[in-house]
1. Applying the selection to the range 81-97, what residues are surrounded by fewer than 20 Cβ atoms within 10 Å (Cβ to Cβ) and closer than 18 Å to Gly138 by Cα?
2. From the list Glu74, Glu118, which residue is modelled with pLDDT of 95 or more and either at negative phi or out of contact with any Pro (no Cβ under 9 Å at 6 or more places or on another chain) (or both)?
3. Report yes if Pro136 is over 25 Å from Ala62 (Cβ atoms), modelled with pLDDT under 95 and surrounded by 13 or more Cβ atoms within 10 Å (Cβ to Cβ), otherwise no.
4. Check off (1) surrounded by 15 or more Cβ atoms within 10 Å (Cβ to Cβ); (2) under 20 Å from Gln57 (Cα atoms); (3) in contact with an Asp or Glu (Cβ under 9 Å, 6 or more places away or on another chain) for Trp154 and give me the number that stays unchecked.
5. Can you give me the number of residues within the range 22-71 that are at pLDDT below 50, loosely packed, with under 14 Cβ neighbours inside 10 Å and aliphatic (A, V, I, L, M)?
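The values are calculated or read from the model by the stated rules, or taken from the named source; none is laboratory data. Note that this is a predicted model, so its numbers are computed, not measured. Please note: Cβ atoms are built from the backbone with ideal geometry, for glycine as well, and neighbour counts cover all protein chains shown.
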Amino acid sequence: MRLFPDTSRGGFACAATLLALSAGTACEEDRIVPGSAAAVHHAAVDDPRAGLLVYEQGRGDARDLFVVLAGGGEPRRLTTDDATDGLPRWSADGRSVTFTSNRTGGWQVWRVPAVGGEPVRVRANDHREWQADESPDGHRLAFLSNAGGAEWLWLLELGSGEARPLQNESL
């Protein structure tokens, strides 16, 4: 699949299909597909500092992450696994991508360098942890976890590795 900029519509063309790239759309197989739980789990996410888009693509439960120049070009695969890698988010400095994967059996938060490399699990445990977003300063990671029993919003201090639930705190 090759992405081409479509400046007349402010989006991209995957193969011959032209649709605007906006929230709720992503590239799947050979076209941009309107987002829905059944078709696409996450839209392509733009990192204006790097001029790249990161997105998930695959069939069924086997989904990997790809990056492509925002101006178009050949996508580059970031992850290769038989599991589901999805919900990609750029780090604050644009050097890595945080994502959710079930590659170890349960849903966990992972990070991979934007230039490629081996993904690393952010926290190793048996809890469901997913939907992570890094703070703008790059010091913390907010994510959902069922570590306390119920699923709550948690905050991880990336420097110390200390995590705490935020359910009783004012945001």
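1. We begin by selecting, within the range 81-97, every residue surrounded by fewer than 20 Cβ atoms within 10 Å (Cβ to Cβ); these are 81-83, 91-95.
Passing the criteria: Ser91, Ala92, Asp93, Gly94, Arg95.
2. Numbers: Glu74 fails: modelled with pLDDT of 95 or more.
Being modelled with pLDDT of 95 or more and either at negative phi or out of contact with any Pro (no Cβ under 9 Å at 6 or more places or on another chain) (or both) holds for just one of Glu74, Glu118, which is Glu118.
3. Numbers: over 25 Å from Ala62 (Cβ atoms): yes; modelled with pLDDT under 95: yes; surrounded by 13 or more Cβ atoms within 10 Å (Cβ to Cβ): no.
No; evaluated as a whole, the condition is false for this residue.
4. For Trp154, the failing item is (2).
5. The first filter runs over the range 22-71 and keeps only residues at pLDDT below 50, leaving 22-43.
Next, only the ones that are loosely packed, with under 14 Cβ neighbours inside 10 Å stay: 22-24, 29-30, 34, 36-39.
Retained after the next criterion (residues that are aliphatic (A, V, I, L, M)): 23, 37-39.
Number satisfying all stated conditions: 4.
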